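Sending over a structure as C-alpha cells; questions will come in a sec.
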Amino acid sequence: MSKQTTRTIAAQICYDVIFKKTNLSQSFKQRLSSAQVLDLKSAVKALCFETIRNYLSLEDMWLQCLDKRPKDKMVRIIMSQAMAEFKFMDKPDHAVVNEAINTAKKLNKKWACGLINSCLRKAVKIMDYQPANESAQYSHPQWWIDKLKTDWPNQWQNILEANNHKPPLWVRSKTTPHPDLIPQQHHDINCAYKIQSQDITQIESFINGELSVQDASAQLAAQIISPQNGEKILDACAAPGGKTCHLLESNNNIKLDALELYPNRAKKINQNLQRLKLNANVIIADATDHKQWFKGDKYDKILLDAPCSASGIVRRHPDIKYIRLETDLTNICQDQQKLLSSVAKVLAPHGTFLYVTCSIFKQENTDQIKYFLKTHPEFSEIKLEYPFAIKCEYGIQILSGTQDMDGFYYCYLQRCQ
Ligand SMILES: C[S@@+](CC[C@H](N)C(=O)[O-])C[C@H]1O[C@@H](n2cnc3c(N)ncnc32)[C@H](O)[C@@H]1O
C-alpha cells in the first residue's frame, strides 16, 4: 500500500471500531505505534474521535443523497469521515471531497471514487438536514435512547447531546495547577481542576506526581470515603488505580488493599502508585471469591467501583456506543450483584461501603442497591447530598455533562452489625 496518511489510518481505526467492534484504545495501540505514523498521532486521534462520536448522524447525512447504502463498509467509513471533517472540523467542502477520493484510492477503493465524488458533493450542500430517525439525530443506538428516555424522562436529550461533545480535561491536584494551564477549580469537589492542555504527560507537574488526570465526578469517591488514620480499607476493583491513589493522597496513614482481577491491569495500579510515590498492597485476585485473598481481618471501609456499561463516560469512549449491546447488561448486572454480596462479607460491623459505577442506567445503579438491601438487611443507606447530583430512590446520580463532568453513580452504605 502507498504511504499512510492521517485519513487512511483514521479510516482503518474507525472501521475496526464500527464494524469489527474493536475497542478504540486497542486499535490506536495497534495502528499508531509504528515510527512512520507517530507524527500523525494527534491528527488521527482527533479525526477518529469526531467520526466515531457522530458516526450514526454522519452516515445518515450522506445517505440522504443515495438511493441505497453502498455494500462496501470501508467506503461508508471514508464518506462519514469526510462529513466529520466538513461538519465538525471546519474543513472546506472541496478539500474534504478531494481528500476522500485520495483516501479511497490509497485504500484500494478506486472503483468507488465516482460514487464518493458525486455523493459527497451533494451532501456538503445540504442546508436543511433532517435526520431520518432518532438514532441518526443523536448518533446513539435506538435501544440506548429508549433506555435513557425511561430512566431520565426529563434529561435524556441533554445526556445524549453531552455524550457527543469533546470532554474537558479534569485533573486532581492538592495545590492550584500552574496558571499556564488556566485552572478552574470545582466548587464542591476539593482537588478537582478543569485545565487547558494538549498533552498532560509532558507537563512537569504531571511527571513529578503533583497532578493526575481524573474526572471531577470520579474524585467524589475519596471525598465520600474520607480515609481516617489507621483505617483498613479495601479498593475492591482497583485498576488503573485512580481512586486507589486518591484515597492514599487523602490520607497516607491507612492500610489499603487494592484488588484487581487482571494482572495486566494491576500493573497500571503499580505504575500510578510509583509515579505518585504512594504505597498500597496490590493483590491480583477475584473480588467475588474472597477465599482467594481475604486474610480474616475485616475492613473498616470498602470502595466497590464496579465494572459496568460505562454509559456515563461515552464522551471519552465513544466506541462504547457501538461495542456495547443491550443484552450485555444482563451479565454486567449479575457480576455487579455478585461483587456487592461477596465484598459485603469482609466489611467490619459498623463499617461503610461505597458502591460506584460510571453508568447512568438505573438497572446498574439504584436497582442493584434496592436488591442488595432487600437481601442484606444488615445494611442501611447513608444519604448523600450534592448540589450537582440527582437523588435517586437509593444513592445519587451525576448525569453526563452536568457541570462538565462524567456520569457517575454513588451509593454509601453502612453495616449495622
Ligand atoms: C471501573 S474499573 C475501576 C476503576 C478504578 N477504581 C479507578 O478509579 O481507576 C473496574 C475494574 O474492576 C476490575 N474487575 C472486574 N471484575 C473484577 C473482579 N471480579 N475482581 C476484581 N477486579 C475486577 C476490572 O478489570 C477493572 O479494572
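The values are calculated or read from the model by the stated rules, or taken from the named source; none is laboratory data. It should be emphasised that the depicted structure is a prediction, and the values quoted were computed from it without experimental measurement. Heads up, the Cβs are rebuilt from the backbone with ideal geometry, glycines too, and the neighbour counts pull from every protein chain shown.
Can you name every residue in region 275-298 that is surrounded by 13 or more Cβ atoms within 10 Å (Cβ to Cβ), basic (Lys, Arg) and within 22 Å of Glu210 (Cα to Cα)?
Of everything in region 275-298, just one residue is surrounded by 13 or more Cβ atoms within 10 Å (Cβ to Cβ), basic (Lys, Arg) and within 22 Å of Glu210 (Cα to Cα), namely Arg275.
Test Leu58 against the criterion of being surrounded by 21 or more Cβ atoms within 10 Å (Cβ to Cβ), modelled with pLDDT of 95 or more and closer than 25 Å to Tyr129 by Cβ, and give yes or no. I'd like the intermediate steps shown before the answer.
Values: surrounded by 21 or more Cβ atoms within 10 Å (Cβ to Cβ): yes; modelled with pLDDT of 95 or more: yes; closer than 25 Å to Tyr129 by Cβ: yes.
Yes; evaluated as a whole, the condition is true for this residue.
Name the residue, out of Pro131, Pro168, Pro141, that is in contact (Cβ under 8 Å) with a residue 24 or more places away in the chain, in contact with a strand residue (DSSP E or B) (Cβ under 8 Å, 6 or more places away or on another chain) and closer than 25 Å to His317 by Cβ.
On the way: Pro131 fails: in contact with a strand residue (DSSP E or B) (Cβ under 8 Å, 6 or more places away or on another chain); Pro141 fails: in contact with a strand residue (DSSP E or B) (Cβ under 8 Å, 6 or more places away or on another chain).
Sole residue among the options that is in contact (Cβ under 8 Å) with a residue 24 or more places away in the chain, in contact with a strand residue (DSSP E or B) (Cβ under 8 Å, 6 or more places away or on another chain) and closer than 25 Å to His317 by Cβ: Pro168.
Does Asp305 fit the bill of being buried (at least 20 other Cβ atoms within 10 Å of the Cβ), more than 11 Å from the ligand (Cβ to nearest atom) and either assigned by TED's automatic domain parsing to the domain that holds Gln334 or under 22 Å from Phe379 (Cα atoms) (or both)? Lay out the reasoning, then the answer.
Values: buried (at least 20 other Cβ atoms within 10 Å of the Cβ): yes; more than 11 Å from the ligand (Cβ to nearest atom): no; either assigned by TED's automatic domain parsing to the domain that holds Gln334 or under 22 Å from Phe379 (Cα atoms) (or both): yes.
So Asp305 does not fit the description; no.
For every residue, the table says whether it meets (1) farther than 18 Å from Leu276 by Cα; (2) at pLDDT 90 or above; (3) under 22 Å from the mean Cα position of the chain (by Cα); (4) not assigned by TED's automatic domain parsing to the domain that holds Glu249.
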| site | (1), (2), (3), (4) |
| --- | --- |
| Trp170 | no, yes, yes, yes |
| Ser173 | no, yes, yes, yes |
| Pro177 | no, yes, no, yes |
| Ile182 | yes, yes, no, yes |
| His186 | yes, yes, yes, yes |
| Ala192 | no, yes, yes, yes |
| Gln196 | yes, yes, yes, yes |
| Ile200 | no, no, yes, yes |
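How many residues are surrounded by fewer than 22 Cβ atoms within 10 Å (Cβ to Cβ), in contact (Cβ under 8 Å) with a residue 12 or more places away in the chain and over 23 Å from Leu211 (Cα atoms) when one looks only at region 251-274?
3
Looking for something among the polar types (S, T, N, Q) and surrounded by fewer than 16 Cβ atoms within 10 Å (Cβ to Cβ) - is there at least one such residue anywhere in region 349-366? So that I can check it myself, show each step before the final result.
Pass one, region 349-366, residues among the polar types (S, T, N, Q): 352, 357, 359, 363, 365-366.
Narrowing the set further to residues that are surrounded by fewer than 16 Cβ atoms within 10 Å (Cβ to Cβ) leaves none.
So far as region 349-366 goes, no, none of its residues is among the polar types (S, T, N, Q) and surrounded by fewer than 16 Cβ atoms within 10 Å (Cβ to Cβ).
Kindly establish whether Ile159 is in contact with a helix residue (DSSP H, G or I) (Cβ under 9 Å, 6 or more places away or on another chain), part of a loop (DSSP other than H, G, I, E, B), buried (at least 19 other Cβ atoms within 10 Å of the Cβ) and not assigned by TED's automatic domain parsing to the domain that holds Pro318.
no
Tell me, please, whether a residue that is within 15 Å of the ligand (Cβ to nearest atom), under 29 Å from Lys291 (Cα atoms) and in contact with an Asp or Glu (Cβ under 7 Å, 6 or more places away or on another chain) can be found in region 318-335.
Residues of region 318-335 within 15 Å of the ligand (Cβ to nearest atom): 320, 324, 328, 331-335.
Now restrict to residues that are under 29 Å from Lys291 (Cα atoms): 328, 331-335.
Narrowing further to those that are in contact with an Asp or Glu (Cβ under 7 Å, 6 or more places away or on another chain): 332-333.
Looking for residues that are within 15 Å of the ligand (Cβ to nearest atom), under 29 Å from Lys291 (Cα atoms) and in contact with an Asp or Glu (Cβ under 7 Å, 6 or more places away or on another chain), one finds at least one in region 318-335, hence yes.
Okay, next question. Would you call Leu115 within 17 Å of Leu58 (Cα to Cα), in contact with a Pro (Cβ under 9 Å, 6 or more places away or on another chain) and either at pLDDT below 95 or surrounded by 13 or more Cβ atoms within 10 Å (Cβ to Cβ) (or both)?
Values: within 17 Å of Leu58 (Cα to Cα): yes; in contact with a Pro (Cβ under 9 Å, 6 or more places away or on another chain): yes; either at pLDDT below 95 or surrounded by 13 or more Cβ atoms within 10 Å (Cβ to Cβ) (or both): yes.
So Leu115 fits the description; yes.
Continuing with the same structure: Under 6 Å by Cβ, and 6 or more places apart or on different chains, what pairs join a residue from region 222-250 that is at pLDDT 95 or above with one that is among the small types (Gly, Ala, Ser) and part of a strand (DSSP E or B)?
From region 222-250, the pairs are Asp235/Ala258; Ala238/Ala258; Thr244/Ala258.
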